[in-house]
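Since the structure comes first, as structure tokens, the remarks are kept for the end.
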Protein chains: 2
Amino acid sequence: VSPPVVGVYETVVYGRDMEALAAFYREVLGLRLVEPVDELGAAFRIADDAMLLLFDPARASLPGRPVPSHGTTGEGHIAFAVAAESLDEWRAALAAAGVSIEQEVEWGRGGHSIYVRDPAGNSVELVTGDLWPP
Amino acid sequence: VSPPVVGVYETVVYGRDMEALAAFYREVLGLRLVEPVDELGAAFRIADDAMLLLFDPARASLPGRPVPSHGTTGEGHIAFAVAAESLDEWRAALAAAGVSIEQEVEWGRGGHSIYVRDPAGNSVELVTGDLWPP
């Protein structure tokens, strides 16, 4: 039997244009960079115990890095929890940033999702409530 | 200015063989399934406020789903936080499950990582401590 997993420490999103990708997560989503952006990627602190990492798959997948190689192509998905009372502010902030909303979903369990795309085409969801079974 | 992001609610890992992929996260990592596995994917609750979702990219990327399409190919990456005192138990649990350790890294900041691959080739890290700047 395995010991418990405490939580997700690193969530990864991939994209080739790192400047544009990092600008989206920093400026549009307001996430906090904890190291300078470079050609390999970018690191944002989401909460005290969790990180969002951005990687260029062409660089992160090269062999001979100090850690195991990885890298995906295609459109990934990530959902960020936001406060229920912040949805109107989010719509205004996205509009001000020129980011169009792809879809909104009102969930049966009571939550609400706003879906946008980051500059690499990844599906980014801003969600209120807890949509999945406990 | 955007309202605050509270945390990452959904982290996604992709793979084509959903039975094998879900079995790895359920049986080897001990994560808790909250819905039955189907051909599209699987949903695990990591902590009260966070989910790990598995998707078959060939199905999740199809148009006409009730939510925006997404799906990646290639090897992704995810890191799970584990307790520092559980590393020996993890090594034993991985060995018992026939999962080989690809690499271990002792970090300068004091943490330690064990890297394995899931059945789809994604790089899965079990990490103690907080490796990134605060």
Theoretical ellipticity at 222 nm over chain B - DSSP helices of four or more residues, -39500 (n - 2.57) apiece, nearest 500: -3500 deg cm²/dmol
Cut-off 12 Å between beta-carbons: net charge of the residues surrounding A:PHE24, Lys and Arg +1, Asp and Glu -1: -2
Solvent-accessible area per residue for chain A (1.4 angstrom probe, square angstrom): 44
Burial of 50 Å² or greater, the range A:76-104 residues [accessible area, probe 1.4 Å, versus chain by itself]: A:HIS77, A:ALA79, A:ALA81
Gaussian network model of chain B, Cα within-10 Å springs - most flexible of B:LEU62, B:LEU53, B:LEU33: B:LEU62
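Please report the equivalent ellipsoid semi-axes of the range A:8-54, computed as sqrt(5 x eigenvalue) of the Cα gyration tensor, largest first, in whole Å. Let's see the in-between values first.
Details: eigenvalues 52, 26, 16 Å².
After scaling each eigenvalue by five and taking roots: 16, 11, 9 Å.
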Gaussian network model of chain B, Cα within-10 Å springs - most flexible of B:ARG16, B:ARG45, B:ARG65: B:ARG65
Antiparallel bridge percentage (DSSP; both residues within the protein assembly as shown; nearest 5): 70
Share of carbon and sulfur in the accessible heavy-atom surface of the range B:86-134 [1.4 Å probe, %]: 52
Rounded to 5, percent antiparallel among DSSP beta bridges of chain B: 65
Residue with peak Gaussian network fluctuation, chain B [Cα springs, cutoff 10 Å], from B:VAL13, B:VAL124, B:VAL105: B:VAL105
Hydrodynamic radius (Kirkwood) for chain A, which is based on Cα pairs only, to one decimal in Å: 16.1
Threshold 40 Å², the range A:48-69 residues less accessible with all protein chains present than alone (1.4 Å probe): A:VAL67, A:PRO68
Normalised contact order of chain B, rounded percent, pairs of Cα under 8 Å and 6 or more residues apart: 22
Whole-number D in µm² s⁻¹ for the protein assembly as shown, Kirkwood Cα-pair radius fed into Stokes-Einstein, 37 °C, 0.692 mPa s: 175
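Taking the range B:52-134, which trypsin sites (Lys or Arg not before Pro) meet the DSSP loop condition and have no more than 16 other C-beta atoms within 10 Å?
B:ARG109
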Cα-based radius of gyration of the range B:24-83 once divided by 2.2 N^0.38 Å, which approximates compact folds: 1.23
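Rounded to the nearest 100 Å², what is the buried accessible area between A and B, both sides summed, probe 1.4 Å?
Accessible area lost upon association: around 5000 Å².
The values are calculated or read from the model by the stated rules, or taken from the named source; none is laboratory data. Note that the structure is a prediction, hence the values are computed from the model and not measured. Every residue, glycine among them, receives a Cβ derived from its backbone with ideal geometry; neighbour counts consider all protein chains shown. Ligands, DNA and RNA are stripped out before the accessible areas are found, and what is left, the full protein with its side chains, is counted by its heavy atoms. Shrake-Rupley method; radii C 1.70, N 1.55, O 1.52, S 1.80 Å.
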